[in-house]
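The values are calculated or read from the model by the stated rules, or taken from the named source; none is laboratory data. Computed from a predicted structure; not experimentally measured. Backbone-built Cβ (ideal geometry, glycine too); neighbour counts: all protein chains shown. These area figures cover heavy atoms from the full protein model, side chains too; ligands, DNA and RNA do not enter into them. Shrake-Rupley method; radii C 1.70, N 1.55, O 1.52, S 1.80 Å.
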Amino acid sequence: TLTHFCAAVSSKMLEENPQINSLIRFGRVYPRKSIDIFVHVSDKNKIDDLSGVVLRSTNHQSISNIEQFLNKEAKLVRSKEDSHYKKVKNIFNLIPGFFAAPFLWFYGFILYDLNIWSIFLRTPKDPFGSMMLTNIGSLGLDMAFVPIAPYTRIPLILSLGKVYDSPLIVNGELKNSKMVKACWTFDHRLIDGSHAAHMSESFKKYFANPELIK
């Protein structure tokens, strides 16, 4: 699907622009050692329940491998059979609403600033990966700019709208083409206009030439 394809494209984009694949710790920029992409997983029948799956070392995976892993893990999340998902949900159900924000701040401080993981929730290192990918088109939406949650410590979110038909001039001829809106939200502390321009060129190159993805 478009989600699997854009996960592969995004990983190549990060590979060509490694300075984006970083996080800020105590005011300093630290490069991540791998390219991991967090893909949101939703259930149309449970609109108040949103989670996701992390694809590790995505730049070394084929689109076929990405598809198989994501589909398998997404089914576990939707069926509540994912062990990590259940563990986190159970803990958050015990936390009063007014304490949720301080808890998330403390959780992010332990996990990212101190670089200690698995201390309370047995979460994996860098649980939200290098960036997030969310396909809002699967929900029938055309476009949206998704806010970055500070505790995730990601620098970048890509939201994909639904595919639609649109007229396009190709070699001087008017043709009907399939189009999609890709909306980016990024952390300006790590990504400025120059970075965004190079990032955009990489993304468009692989999007227009899928044969370049090995």
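Observations on the structure shown:
- Residues that are among the hydrophobic types (A, V, I, L, M, F, W, C) and either open to solvent by 100 Å² or more (accessible area, probe 1.4 Å) or over 30 Å from Arg32 (Cα atoms) (or both) within the range 145-185 comprise Phe145, Val163, Leu168, Ile169, Val170, Leu174, Met179, listed in sequence order.
- Scanning the range 52-78 for residues that are hydroxyl-bearing (Ser, Thr, Tyr) and either surrounded by fewer than 20 Cβ atoms within 10 Å (Cβ to Cβ) or out of contact with any strand residue (DSSP E or B) (no Cβ under 8 Å at 6 or more places or on another chain) (or both) gives Ser57, Ser62, Ser64.
- Subset of the range 126-144 [closer than 16 Å to Met199 by Cβ and in a loop (DSSP other than H, G, I, E, B)]: Ser130
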